[in-house]
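Heads up: the structure comes next, in structure tokens.
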Amino acid sequence: MWIQILLVVALLALGFVVLRRPGSDSHQALRRLLYGLFVLAAILSVLFPQWLSWLARLVGVGRGTDLLLYALVVMFFVFVYTQYRRNVAIQRQLTLLARRVALQQALEEERAAMTGSGAPAPDQSQAVTRQSDASPSRSTSSNPD
């Protein structure tokens, strides 16, 4: 019975941490505090294995290994969530970077067309060539042929 209450409280706490703004200082402090407590508990369970069995019996789990398994399941969910958030942030940054590069190239092509030269500068032509080599299915509008 105690383990169910403890796991529900841990999952509620995890849900609260998940819903918080990830860039805040208090979020970083909470992460460091929880990491420190995890390291301390790991050291104590290595030095005193009977402590983990005692704690397991205290919360209503038969063995210390079962309690360790439950803790690892919770930590796995935390890991999956943080990797998901990191992946979303990286994809957002990549999208913004791709937009910025595309706008910059379009601006440079427009400036080259307005100057009357008709051909992009050597650096720009290399970038356009590399871009057309990378995606052969797309045709470029700057080539009149």
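Nothing in this text is a laboratory measurement; each read-out follows from the coordinates by a stated rule. Since this is a predicted model, take the numbers as computed values, not measurements. Using ideal geometry, Cβ is built from the backbone for each residue, glycine included, and neighbour counts are taken over all protein chains shown.
Just a few scattered comments:
- Hydrodynamic radius (Kirkwood) for region 2-121, which is based on Cα pairs only, to one decimal in Å: 18.5
- Since only LEU72, LEU97, GLN50 are under comparison, the one whose Cα sits farthest along the positive direction of the charge dipole of region 2-121, derived from C-beta charges on Lys, Arg, Asp and Glu, is GLN50.
- Annotation: extensible slack from ARG99 through TYR84 equals 3.1 nm (criterion: 0.36 nm per residue apart, minus Cα-Cα distance).
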